[in-house]
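Just so it is clear, none of the values below were taken in a lab; they were calculated from the coordinates. Here the structure is a predicted model, which is why all the values come from computation and not from measurement. Note that we place each Cβ from the backbone using ideal geometry, even for glycine, and neighbour counts take in every protein chain shown.
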Amino acid sequence: MRSKAVKVPLNEGEETRRILRKEGILRKDLVPIKRDCFILFPVEREVEGFEIVEDDFRPKRKRINSYRDIVNIPNKLKEILPSSYDIIGDIILIKIPDGLKSYQREIGGALLKAHKSIKAVYHAEPVRGELRVRNLVHLAGEKRTTTIYREYGIEMEVDVAKVFFSPRLSGERYRIAKLVKNEEIIIDMFTGCAPFSLVIAKHANPKIIYAIDINEYAIELARKNVKRNKMLHKIEVIHGDSSKVVRDLAKKGIRADRIIMNLPFRAREFLPDALEVSKDSTIIHYYSVLNENQIEEHIGHLKDITNNRIDVLKINRIKTYAPREFYICFDISVSKPA
């Protein structure tokens, strides 16, 4: 774009920029040009005391604050655009509402432009099934689902199509790690690619962590991640049904100081198994998704299932899962049978 400009030596550049800004005549939409020993500042008008020239300038790239600012959809639909999404490494997972499905490619493209480090964008269906996986629809960028994710000093390979993983539990994983006492025996019953186990091993000093999952591909990634983070001496990865595995551990005389049960919607089914490998004062971190008014009733169910062998020490509302529903962790203390 053609514009008038102030031409000054390079060593006078910063002082000249300051003066032009103060006078309000420096053009903010064009990029200054450096040439050999001088610099050109595009200006709105001529100014006394400076050499004035004309030249062609490159427009400044507009700063994108949100993909919502650049997505090409009817304005009336912008109010239902998702305001949040998951960034896992260089992949974005977003849930596109039904009313926007016909514009999902445009949304994917806008996300790719708004996040320069992102390489792929997918629409994600809810997690389902025993293996906790979700259907993905490719929207933009590269057609791959594996990525490298970093959190609190650990580095993990994640496959967003084959393994359950939530970056929104990052703070929760660190919270648990800071609760772990020296030389604890820990069981991570539904480990996935091992994020809880890895953060704990990195930031605490457990005696051993048994990381269990029924998803064979998740276990393959967990083993890679344990090796990648040099935690082979702290984490034992086990493939199998957690119900059977923890009972087998109990038969070997193993009793856990701490158990992680991150399996919302189904963790309650496995609570009796967790008790088999518990002892007096074992701490269980039990995760569920509940409406606010279901919490007390749910605690009652847990007490019934365990014959009143548990006390809820803390209720941690981690994130909103859906309107009026929360992803919750119950920190539970186990007592001996009466």
Label zone at I148 (point 7 Å along Cα-to-Cβ), backbone N below 18 Å, the range 221-265: 221-231
So between N72 and E276, what do we pick up on full extension, going 0.36 nm a residue minus the alpha carbon distance? 67.8 nm
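Cα-based Rg of the range 166-334 per 2.2 N^0.38 Å, rounded to two decimals? Write down the numbers at each step before the final one.
Numbers: Rg = 15.1 Å, N = 169, 2.2 N^0.38 = 15.5 Å.
Dividing the Cα radius of gyration by 2.2 N^0.38 Å gives 0.98.
Taking 25 °C and 0.890 mPa s as the conditions, I'd like the Stokes-Einstein D for the range 67-144 in µm²/s, using the Kirkwood hydrodynamic radius from alpha carbon pairs. Could you put the intermediate results ahead of the total?
Values: Rh = 12.8 Å.
After rounding, the answer is 191 µm²/s.
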Quick one: Debye curve from the alpha-carbon atoms of the chain only, equal weights, vacuum; give me log10 I(q)/I(0) at q = 0.10, 0.15 Å⁻¹ to two decimals. -0.71, -1.18
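Within the range 256-338, list the chymotrypsin sites (Phe, Trp or Tyr not before Pro) lying in a DSSP loop whose Cβ has at most 16 other Cβ atoms in a 10 Å radius. Don't skip to the answer; put the middle values down first.
Working: sites: F265, F270, Y286, Y287, Y321, F326, Y327, F330; in loops: F265.
Sites meeting the loop and neighbour criteria: F265.
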Give K116/K143; K207/K314; K230/K319; K252/K279 a once-over and call out the pairs whose C-alpha atoms are over 23 Å from each other. K207/K314; K230/K319
By DSSP, what percent of the beta bridges with both residues in the chain are antiparallel, rounded to the nearest 5? 70 percent
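Among 100-110, 190-200, 294-304, 75-85, how do they line up from the highest to the lowest mean number of other beta-carbon atoms within 10 Å? Show your work: numbers first, answer last.
Values: 100-110: 18.2, 190-200: 27.6, 294-304: 13.9, 75-85: 11.5.
Order by mean packing, descending: 190-200, 100-110, 294-304, 75-85.
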Would you calculate a helix-derived [θ] at 222 nm for the chain, using -39,500 (n - 2.57) for each DSSP H run of n ≥ 4 and dividing by the full residue count, to the nearest 500? -7500 deg cm²/dmol
Among all the aspartates and glutamates, which ones have a C-alpha under 19 Å from K336's C-alpha, if same-chain residues fewer than 8 places away are not counted? E184, D257, D273, E276, D280, D304, D311
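Give the relative contact order (percent, whole number) for the chain; include only Cα pairs under 8 Å separated by 6+ residues. All intermediate terms of the calculation are to be shown ahead of the outcome.
Numbers: 653 pairs, mean separation 31.0, N = 338.
Relative contact order for the chain comes out at 9 percent.
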Output the relative contact order of the range 166-334, whole-number percent, from Cα pairs under 8 angstrom with separation of 6+ residues. 18 percent
Cross-link partners among aspartates and glutamates for K224, C-alpha distance below 18 Å, same-chain residues fewer than 8 apart left out? E151, E155, E157, D159, D188, D213, E216, E236
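If I take R0 = 51 Å and measure r between the Cβ atoms of D311 and E54 in this structure, what FRET efficiency does the formula 1/(1 + (r/R0)^6) give, to the nearest 0.05?
Values: r = 79 Å, r/R0 = 1.54.
That gives a FRET efficiency of 0.05.
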How much FRET efficiency would the formula 1/(1 + (r/R0)^6) give for E296 and S84, where r is the Cβ-Cβ distance and R0 is 30 Å, rounded to 0.05? 0.60
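Could you sort 179-186, 31-38 so that the peptide with the highest average Cβ count within 10 Å comes first and the rest follow in order? Write out the running numbers ahead of the final one.
Values: 179-186: 15.9, 31-38: 12.5.
Put in order of decreasing packing, that is 179-186, 31-38.
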Simple label model, 7 Å out from Cα along Cβ direction - E155 to V289, nm: 3.2 nm
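Out of the range 234-282, which trypsin sites (Lys or Arg not before Pro) are coil in DSSP terms and have no more than 15 other C-beta atoms within 10 Å? Can you show the working numbers first?
On the way: sites: K234, K244, R247, K251, K252, R255, R258, R266, R268, K279; in loops: K234, K252, R255, R266, K279.
Here the trypsin sites (Lys or Arg not before Pro) that fit, given the DSSP loop and packing criteria, are K252, R255, R266, K279.
With 10 angstrom as the radius, rank M231, M261 by how many other C-beta atoms surround their C-beta, starting from the fewest.
Numbers: M231 20, M261 25.
With the sparsest Cβ surroundings first, the list reads M231, M261.
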Would you mind estimating how fast the range 259-306 diffuses translationally, via Stokes-Einstein at 37 °C and 0.692 mPa s with the Kirkwood radius over Cα pairs, in µm²/s? 290 µm²/s
For Y217, project a label point 7 Å along Cα to C-beta. Then give me every residue of the range 68-90 with its amide nitrogen under 20 Å of that point. 86-90
